[in-house]
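Below is one structure; the comments refer to it alone.
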Amino acid sequence: MHMQDVEISDLRRLTKVILDEYDYDFTNYAMSSFRRRIQRILELYKFGNVNMLIKRLKEDREFFDEFISEVTVNVTEMFRDPSFWRELRDHIIPNILLNHNTISIWHAGCSSGEEVFSMAILLREMKMLDKAKIIATDIDTSILDRARRGAYPIKNMDLNEKNYIRFQGSGKLSDYYKEENGKAMLDPSLVENVSWRQHDLVKGIVFNKFDLILCRNVMIYFNQNLQNEVLKKLHESLFKYGYLVIGSKESLIWCEIANKFIVVNNEEKIYKKIKD
Amino acid sequence: MGRFNVNNQYKAIVIGGSAGSFQGITKILSNLPDNFQLPIIMCLHRLKHVRNGFVEALSIKSIMEVTEPYDKQSVKRGKVYLAPANYHLSVELGQYFSLSTEEMVNNSRPSIDITLETCAYAYRQRLIGIILSGANKDGAMGMKRIKDRGGLTIAQDPAECMIDTMPKAAMALTEIDYTLKIEEIIQFLIELHKQYK
């Protein structure tokens, strides 16, 4: 079985069923990666074709949670792009704290939580963790459970450690976890004040305002129309002069609300909201 | 008539390479005809956590500037693109790029199969796929997809490759239209260029 088996007409029927039955909208996901995700689900569950997947989705409502877990991409690392985290520590967060005593942060699309733990470690090393209010959201409830636990395969820690060293943290990454049954158990006190919530960027509402939003490598799974819509929500969710960070290979240049932001750091894709 | 049976039906060239391909790539890029029309989309295995340096190294010798595309950037004529470190690079219908951080494919991110397959889907018979030296089988399935959809397939001559696993894997899986040395690939591109005048 191969890619040729999933056609665009199949995907259209599938997204319509999901929208009608579950009120999640995948119509404007980027076609290439969405197609691969569906292909992967067909192989994983041994569905011979998309119709079998549609039938299962119609008949088995519990299966939908599994579907959401598999259709979303959950590959991430701690301190991904170390130079970004240095910039955050050395410039962005000190800048926010010039005018405030506290800092509110939203991790939009937090996946298994590596980025949230990275942020917590950074803030603890700055002695600012107590002053931070962090909300971490994802579309997938089961990945949020995993994020809350903060237990990562020990084999991933090699890469995470390398990133942390290049971030030039003040300690060792191993200061923040202990090894148990082949897992790295992150220190739970790092995230005791983090609020983990289920939230879908596509259909979800604007629920709060923040000083800093991280939405890195999330919108790459959307087409440009949807990126525009989501960026409007992210803009609305920022205080004036708040910061938005996207992935290192994403850009705001083409989006409709580009003029409401200025570029703070182009290399690290850090933007500042300057207009409501 | 030249040596190759080419015409101007093609809209893009996609190149995959891994271990031992860097020299060949720079040779090709430094010998491209001026005003070469077709976009060249390259997926080369590279260090996952070194973001900078590679594109600059390729640009130094290249006739045309080499850039790493941003997510949703359009594919433009006369440009050379390189898959960025630690992202898969796809081309969408409508001929623009999408990036993704999905699981590694063939132990690789970027995966050559992903770039080749999505190009085959977006360009169908209007695509030329070139597979170069490399130490694993990534790209073989992508070359098959290009052939299956009517595109043209070229493999670097295994005899010339530093490591021939990659072109050989493609040759085992699908029909390769031309098996060429780097020097001949350059001749091919020059002849191709003439078709667009």
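Observations on the structure shown:
- Averaging the Cα positions of each part gives two centres, and for the stretch B:143-197 and the stretch A:245-267 these lie 39 Å apart.
- For the residues of A:20-33, the average number of beta carbons from a partner chain within 10 Å of their own beta carbon is 3.
- Put simply, the amide H of B:A155, placed in the peptide plane, has neighbours under 5 Å in B:I131, B:Y178, B:T179, B:L180, leaving out anything fewer than 5 places away on its chain.
- Residues in the stretch A:177-221 that, when all protein chains are in place, have 20 Å² or more less accessible area than the chain alone would give (probe 1.4 Å): A:N217, A:I220, A:Y221
- For B:I15, distant residues with modelled amide H under 5 Å away: B:I41, B:M42, B:C43, B:I130
- When the helices of chain B are scored as -39500 (n - 2.57) per DSSP H run of n ≥ 4 and the total is divided over every residue, the value at 222 nm lands at -9000 deg cm²/dmol.
- Charge dipole magnitude, Cβ of K and R +1, D and E -1 - the protein assembly as shown, Cα centre, debye nearest 20: 840 debye
- Neighbourhood charge, 12 Å Cβ-Cβ cut-off, centred on B:P84 and excluding it, Lys, Arg +1 and Asp, Glu -1: +1
- At least 27 Å along the helix axis (C-alpha) and Kyte average at least 0.0, DSSP helices within chain A: none
- Residues in the stretch A:235-276 that, when all protein chains are in place, have 40 Å² or more less accessible area than the chain alone would give (probe 1.4 Å): A:K249, A:W254, A:E267
- Size descriptors for chain A: radius of gyration and Dmax over Cα atoms are 19.4, 58 Å.
- Largest to smallest accessible area among B:R109, B:R149, B:R77 [probe 1.4 Å]: B:R77, B:R149, B:R109
- Per-residue ellipticity at 222 nm computed for chain A from its helices equals -11500 deg cm²/dmol, with DSSP H segments shorter than 4 residues left out and the rest contributing -39,500 (n - 2.57).
- Length-normalised contact order of chain A in % [C-alpha pairs under 8 Å, at least 6 apart]: 17 percent
- The DSSP beta bridges internal to the stretch A:82-273 are antiparallel in roughly 40% of cases.
- Under 5 Å, built H, 5+ apart or other chain: amide partners of B:L89: B:S111, B:T115
- Pairwise centroid distance, computed over Cα atoms, of the stretch A:87-127 with the stretch A:3-52, Å: 36 Å
- Heavy-atom surface of the protein assembly as shown, accessible at 1.4 Å and reported per residue (Å²): 42 Å²
- Each Lys or Arg adds one and each Asp or Glu takes one away; over the other residues whose Cβ falls under 14 Å from the Cβ of A:I92, this sums to 0.
- Going from the isolated chain to the complete set of protein chains, the stretch B:36-70 loses at least 50 Å² of heavy-atom accessible area (1.4 Å probe) at B:H49, B:R51, B:Y70.
- Kirkwood-Stokes translational diffusion coefficient of the protein assembly as shown, alpha-carbon pairs, 4 °C, 1.567 mPa s, µm²/s: 55 µm²/s
- Placing unit charges on each Cβ (+1 for Lys and Arg, -1 for Asp and Glu) gives the stretch A:82-273 a dipole about its Cα centre, and among A:M157, A:G204, A:Y221 the Cα reaching farthest toward its positive end belongs to A:G204.
- Remark: accessible area buried at the B-A interface is about 2900 Å², both chains counted, probe radius 1.4 Å.
- Prolate/oblate/rounded call for the stretch B:1-152, Cα gyration tensor, a/c under 1.5 rounded: rounded
- Qualifying lysines (Cα of each under 18 Å from Cα of A:K260; at least 8 residues distant if same chain): A:K209, A:K232, A:K233, A:K240, A:K269, A:K272, A:K273, A:K275
- Pairs of alpha carbons in the stretch A:108-157 whose separation is greater than 18 Å (percent): 35 percent
- Of the solvent-accessible surface of the stretch A:3-71, computed with a 1.4 Å probe over protein heavy atoms with every protein chain present, carbon and sulfur atoms account for 46 percent.
- Electrostatic bookkeeping for B:N8 treats Lys and Arg as +1 and Asp and Glu as -1; over the other residues with beta carbon under 13 Å from its beta carbon, the sum is +4.
- Summary of packing: across the peptides A:31-37, A:112-118, A:224-230, the per-residue average of other C-beta atoms within 10 Å ranks them, highest first, as A:112-118, A:31-37, A:224-230.
- For chain B, averaging the sequence separation of C-alpha pairs within contact (under 8 Å, six or more residues apart) and dividing by the residue count gives a relative contact order of 24 percent.
- Each DSSP beta bridge with both residues in the stretch B:1-135 is either parallel or antiparallel, and the antiparallel ones are about 30%.
- The protein assembly as shown - share of DSSP beta bridges that are antiparallel (%, nearest 5): 35 percent
The values are calculated or read from the model by the stated rules, or taken from the named source; none is laboratory data. Predicted model, so just to flag it, every value in this text is computed and none were measured. Cβ coordinates were reconstructed from backbone atoms using ideal geometry, including for glycine residues, and neighbour counts include every protein chain displayed. Quick note on the areas: whole protein, heavy atoms, side chains included, nothing else; ligands and nucleic acids left out. Shrake-Rupley method; radii C 1.70, N 1.55, O 1.52, S 1.80 Å.
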